[in-house]
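Read the figures in this text as sums done on the coordinates, not as results from a lab. This structure is a prediction, so every number in the text was calculated from the model and none was measured. Here the Cβ positions follow ideal geometry from the backbone for every residue, glycine too, while neighbour counts run over all protein chains shown.
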Amino acid sequence: MTKVFQIGFNKCGTSSLYRLFFKNGLKSCHWDLGKIALDFKANITIGKLAFEGTYSDYIFFSDMIHIDRSNLIEVYKYFDILDSHYPGSKFILNTRDIDKWISSRLHHGSGSFFRRFKKYYDLSDNEIIDIWEAEWFLHTHRVLAHFKDRTQDLLVFDIEKDSPEKISAFLKGIYNLRPEFYQHRNKTKTRQNCWLTTSLCTFIDGRIANGWRTVKKVRKLANS
C-alpha cells in the first residue's frame, strides 16, 4: 500500500489531514504522544526501516514530532529518508501564513509547547521565535528542492487557501478520498485570555508589523 506522509510543521492543519484519511478508512496515525517520532529514531539508529514494527502497516502519517528537555525529533524534516525507505510514497507539505503559524505554535497547549522548546534549547523567547522563523523557510526550500523533478509525488497544501478536493485529486488512482471528511480540527485558541506576557505579545506584534526581519535574511539564504 502506498504510504502518504505529511511533512509540513505542526499547527498547519495536521489534525484535519489526519481526520480526512482516517474517516476515509485508511489506517492513519497522528502524533501518538510522540511515539511515532521516538519509534522513527529508534529504528533509524539500529539500521531498520523508519517505521518497521508498530507502524509498519499504517498508510497515513501526521504530526511526527516529539520534544522534551533532552530530545527534539521532527520526523518530517527527514523526508529524504522516508522517501528512500518507502519508494513510491506520496508527500504532503502542509503550509499556511507564517505569522499565523508562529502565533498558533506559541499558544499551543496554553504555551506548554513553546516552553518545551525553551527548555530544550535553553534560549530566550525571542531566540526560539527566530529559530522557528528560520526553520520554516529552510525546510520549505529543502522539500521543494528534493521534489523539483517529481511534482507528482509532492502536494503543497495551503490550509488557508486550498480545498480538500486538491488532496483527492493528488491521490486519484491510488486512494478514493471523500473530501467532505476534511474539517478544521484542533484549532488553537486566539489571543483572548492570552497566556503570553505583555512584553512578548508586543514583541510578536512588532515582528509581524515589520515583516519578520529575520525572514528576509533566511529567504535570501534559501534562494541562493
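Which cross-chain or sequence-distant (5 or more) residues have an amide H under 5 Å from the amide H of residue 8, H modelled 1.01 Å from N in plane?
When sequence neighbours closer than 5 places are left aside, the close amide H contacts are 94.
Would you kindly derive the ³J(HN,Hα) couplings of region 159-166 from the backbone phi angles with the Karplus curve 6.51 cos²θ - 1.76 cosθ + 1.60 (θ = phi - 60°), listing them in order in whole Hz, with x for Gly and Pro?
Result, ordered by residue: 5, 8, 10, 8, 9, x, 4, 5 Hz.
Before anything else, pin down the relative contact order of region 1-156: Cα pairs under 8 Å, at least 6 apart, normalised by residue count, whole percent.
29
For a quick check: with amide H placed at 1.01 Å from N, whose amide H comes under 5 Å from residue 158's, ignoring anything fewer than 5 positions away on the same chain?
Long-range HN contacts for residue 158: 95.
In terms of Cα to Cα distance under 20 Å, which aspartates and glutamates are near enough to residue 148, apart from those fewer than 8 places away along the same chain?
Partners within reach: 80, 83, 135, 158.
Quick one: net charge around residue 49, please, counting Lys, Arg +1 and Asp, Glu -1 for every other residue with C-beta under 15 Å from its C-beta.
Taking every other residue near residue 49 into account, the sum is -2.
What is the sum of charges around residue 3, taking Lys and Arg as +1, Asp and Glu as -1, for the other residues whose C-beta is under 15 Å from the C-beta of residue 3?
For residues surrounding residue 3, the net value is -4.
From the phi angles alone, apply the Karplus equation (6.51, -1.76, 1.60; θ = phi - 60°) to region 33-47 and give each ³J(HN,Hα) in whole Hz, x where the residue is Gly or Pro.
6, x, 5, 4, 5, 5, 5, 4, 4, 5, 5, 4, 4, 9, x
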